[in-house]
1. Can you give me the number of residues within the stretch 508-526 that are open to solvent by 50 Å² or more (accessible area, probe 1.4 Å) and either of a type in the set (A, V, I, L, M) or under 18 Å from residue 462 (Cβ atoms) (or both)?
2. Anything in the stretch 531-567 that is over 14 Å from residue 511 (Cα atoms), among the β-branched types (Val, Ile, Thr) and assigned to a loop (DSSP other than H, G, I, E, B)? List them, or say none.
3. What is the residue count in the stretch 329-347 for residues that are in contact (Cβ under 8 Å) with a residue 40 or more places away in the chain and not in a strand (DSSP E or B)?
4. Filter the stretch 392-417 for residues that are in contact (Cβ under 8 Å) with a residue 40 or more places away in the chain and over 18 Å from residue 332 (Cα atoms) and give the result.
5. Given the criteria crowded, with 16+ Cβ neighbours inside 10 Å, out of contact with any Gly (no Cβ under 6 Å at 6 or more places or on another chain), at pLDDT 70 or above and not charged (D, E, K, R), does residue 51 qualify?
6. Checking the conditions here, which among 155, 191 is modelled with pLDDT of 80 or more, closer than 26 Å to residue 260 by Cβ and among the charged types (D, E, K, R)?
Amino acid sequence: MHDAQDGRPTRHTGRRLRRLAFGVACVVALLAAGMAFVSVAGFQVRAPDYLRDRIAARINDDIAGFELDVGAMSLALRGDWRPTLRLREVNIRRPDGAVLARLSDVTSRVALVPLLRGRVQPAAVRLSGARVKLLRAADGGVNVSVGETGPAIGEAANFGALAARADDLLTQPHFARLDRVEAGNLTLRYEDARAGRAWTVDGGRLEMTRQAGAIRMRGDFALLGARDYATTLEMNYSSRIGETAAEFGVKVEDMPANDIAGQSPALAWLNALDAPISGALRAGVDDDGDLTALNATLRIGAGVLKPTEATRPVAFNAARTYFTYDPAEQRLVFDELFVDSDWMTARAEGQAKLVDLRDGWPSEILGQFRFGEISANPAGLYPDPVTLETVAADMRLRLDPFELTLGQMSLADRGQRLVMDGMATAGADGWNVKLDGRMDGIAPDRLLALWPERVKEKTRRWISENVRDVALSDIQFAVRSVPGHRPDVFLGFDFAGLETRFVKEVPPITGAAGHASLHDGKFVVHAREGRVPAAQGGAVDIAGTSFIVPDVRIKRGPARVRLRTDG
């Protein structure tokens, strides 16, 4: 009420305004105290049904193409004065009612300012107990669904396109303030039609953060399989929202070789191994959505080369490799390929080309490698490993069925050159091996150094004690091995300048030259020239003489001499 003369408030009106202001202040103070108490105490207030339904409806209005059902909702205000919604028994449906996902527990920290304006915009979301199914088709297309039987929520031509779909989702107004998503106790089912395999992991964790327009994801999973070791995986991903280019990486620990081999054409050559593999792989996509170079560092534990159940395994102790794969050229560049086995250790570098691609997967791999630091001791035959010089090899690997072909392998040793070619095929009954080799020559002392002391000991000892000099040339050998049969071995060489004692108390053969061969166990030496000094003077010419052992596999077996002399 105002004074009738000057319009100023009366004394009674001023007192009423002061009392009203004091009451408002008290209410505000009580609300602030209550909110602070709730914040400090961490109390959660269960939302009544009408409020739950209104909030769910507001969320559904902001998310096109989905509908949210919530069984229970509670609200909490934490120490940072940021409200948190906790949702229980959440169902995400399509407009036609089909269930896409069932989540037992969803916690969402919502932005306060939009909430005061009546809009629910999550700033952080935490999921627990989600079940995700990831499908990869034979053509490389991917499909993601959440829940046990729900239809797909994302389909794309590849993983890069799927990431673009995620960008589209994050640019919706409802997620404008979302900067963190955490998923715990995650169950992931990965089905790969291309590899014909499926894997399930429990207890996985996944985290996504958004900062300054950039998206980063990381996760870790553990897989218990039929083997006596567990496989762990860590993944990371980074990109900028609205841009196609992205980088991603994977770290694996003790993943079976045939599991990792099916995930990229650059790894297909690992499929014939049975061994655990650990290491890291990193790649990305460019602005056009094409894959960039893949860099891989892999450590391969003790295992075997065993393409099929019928093939006899070839064991090794360890291996490692570092390589880069160019998907545009389908080319692998190996900076290092190291193998350690009981028979041999070797280090190589080289490159390989993926050829005859079918649905993006190679049928063959052509490679060129140069080996160094070769140390061999097959079956422990030598007291100390034998060191060989550099080896260059051209090879082709057919993946199914497994067939390794040596176009040419060239080994340099002590000024001599050994050239080999051949192939090894994993047949239905086991290994089929074909190997041919030729060498221009070898010195006798080097021959004895490469001849293991425990192999044909008496023959080796006889040669060591009785062959005084010889020049070996035009050496040829061949091996044929098929399942169920004894290997067939051929060896042939020319000799010249041979000086050897063949019978005690008899002068040695000198100046002998000719040819020797070993085939199907039969050993034949034929002398084109040579002589034996006579006791009374002069020499006996033995040109045309042959020495024959019908079967060297028979211990103390018979031998024949076709003696032709002139003197």
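The values are calculated or read from the model by the stated rules, or taken from the named source; none is laboratory data. This is a predicted model, so every value here is computed, not measured. Note that each Cβ is placed from the backbone with ideal geometry, even for glycine, and that neighbours are counted across all protein chains shown. SASA here: full protein model, heavy atoms, side chains in, ligands and nucleic acids out. Shrake-Rupley method; radii C 1.70, N 1.55, O 1.52, S 1.80 Å.
1. From the stretch 508-526, those open to solvent by 50 Å² or more (accessible area, probe 1.4 Å) are 515, 519-520, 522-523, 526; that's our starting set.
Remaining after also requiring either of a type in the set (A, V, I, L, M) or under 18 Å from residue 462 (Cβ atoms) (or both): 523.
Number of matching residues: 1.
2. 552, 554, 565 - these are the residues of the stretch 531-567 that are over 14 Å from residue 511 (Cα atoms), among the β-branched types (Val, Ile, Thr) and assigned to a loop (DSSP other than H, G, I, E, B).
3. Residues meeting the conditions: 1.
4. Result: 401, 402.
5. Details: crowded, with 16+ Cβ neighbours inside 10 Å: no; out of contact with any Gly (no Cβ under 6 Å at 6 or more places or on another chain): yes; at pLDDT 70 or above: yes; not charged (D, E, K, R): yes.
So residue 51 fails the test.
6. Values: 155 fails: modelled with pLDDT of 80 or more.
Exactly one of 155, 191 is modelled with pLDDT of 80 or more, closer than 26 Å to residue 260 by Cβ and among the charged types (D, E, K, R), namely 191.
This table checks each residue for (1) touching a Gly at 6+ places or on another chain (Cβ under 6 Å); (2) surrounded by 15 or more Cβ atoms within 10 Å (Cβ to Cβ).
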{"residue": "296", "(1), (2)": "no, yes"}
{"residue": "309", "(1), (2)": "no, no"}
{"residue": "316", "(1), (2)": "no, yes"}
{"residue": "323", "(1), (2)": "no, yes"}
{"residue": "334", "(1), (2)": "yes, yes"}
{"residue": "337", "(1), (2)": "no, yes"}
{"residue": "345", "(1), (2)": "no, yes"}
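Okay, residues lined up against (1) under 27 Å from residue 240 (Cα atoms); (2) in contact with a helix residue (DSSP H, G or I) (Cβ under 9 Å, 6 or more places away or on another chain); (3) not in a strand (DSSP E or B):
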position: 281; (1), (2), (3): yes, yes, no
position: 297; (1), (2), (3): yes, no, no
position: 307; (1), (2), (3): no, no, yes
position: 315; (1), (2), (3): no, no, no
